[in-house]
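The structure appears right after this line, and notes come after that.
Read-outs: derived from the displayed coordinates by stated rules, not from any lab. These numbers were taken from a predicted model, which means no experiment stands behind them. Because the Cβ atoms are built from the backbone with ideal geometry, glycine has one as well, and the counts that use them run over all protein chains shown.
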Amino acid sequence: MSGGAGEASFDWDTYWTDISDEKREEASPNSHHAAEVLPEFVERFDGPAGVADVGCGAGVTTFAAADRLSETVVGYDTAAPVVERNRERAEREGVENVRFERATLPAFAPDREFGVVFAYFTLQYVRDVERALENLYAAVPPGGALVFNYMNRAARDFCSIAADDPHANADHPFVFDPDEYTERFGALLDGDSVLSRERIYETLGTWPRSAFTVADRPDVRWAWHHALLVYVPKR
Ligand SMILES: C[S@@+](CC[C@H](N)C(=O)[O-])C[C@H]1O[C@@H](n2cnc3c(N)ncnc32)[C@H](O)[C@@H]1O
């Protein structure tokens, strides 16, 4: 699968090189609240085999899913350093049902289909978000589901307030590093990656549904308020 950060709006390769523990934490929202959601969704949804975690970052969810499920889980990320680090961890820990590959959305053309394709806190970084959704959904066979969270107009408005002066708003959610805030969230702040139920329906031809009609909802209100977690079944 082709890699490279050409389509990304932010240099994630540099970000993941020699990353500090603090930055790894901020880039791994799953470690706080959603590592259980993916495996639980896969078990309860009971669709075709295979799980892809696209924009997997440090692999918190990828490894959690591989640990709980017997099927193969493949983590994809645009950043070569984090893919390499995850491969080393899988080797070190002897995890046999996990693989890591490079992929840079909006392009996504894996060599197989996955019953569940998951993308968490990743689509907000992709300017051509409709093409990303189409390509992710194309990797799902009938009976499967695309599961993802997305930032809506309210989330963009919320982030725009901090963008006026990221240094003065350094304690604002998502302002992890004021120096790179507007660059990191450029696709969202410009409105390109803002999604809505209607935009998802118009792109995929099926209405999104709350993922919490399938999996339990962890009690982390800020996360679900700013980034709705949905699934789109494939018929
Ligand atoms: C905020 S982190 C989320 C990581 C993980 N999903 C989690 O929740 O712990 C966003 C991840 O998306 C990756 N990413 C950013 N743009 C991408 C793109 N265009 N294609 C694939 N991955 C991308 C980054 O390298 C980073 O690892």
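How do the peptides 100-106, 15-21, 66-72 rank, highest first, by the average count of neighbouring beta carbon atoms within 10 Å per residue?
Taking the mean over residues of other Cβ atoms within 10 Å, the ranking is 100-106, 66-72, 15-21.
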| Gap in Å between the Cα centre of the stretch 119-151 and the Cα centre of the stretch 176-235? | 10
| request: Let me have the 222 nm mean residue ellipticity of the chain computed from DSSP H runs of 4+ only, each contributing -39500 (n - 2.57), with the sum over all residues rounded to the nearest 500. | output: -10000 deg cm²/dmol
| Which peptide among 49-62, 128-141 comes first, and what is the full order, when sorted by highest mean count of other Cβ atoms within 10 Å? | 49-62, 128-141
| message | For the chain, set up a GNM with springs between Cα atoms under 10 Å and report which of L38, L204, L123 has the largest fluctuation. | response | L204
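Looking at the chain, what % of the alpha carbon pairs are farther apart than 27 Å?
In whole percent, the share of Cα-Cα pairs in the chain beyond 27 Å is 28.
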| message | Just to be sure I understand the model, the point goes 7 Å from the Cα along the line to the Cβ. What's the resulting D21 to E180 distance in nm? | response | 2.0
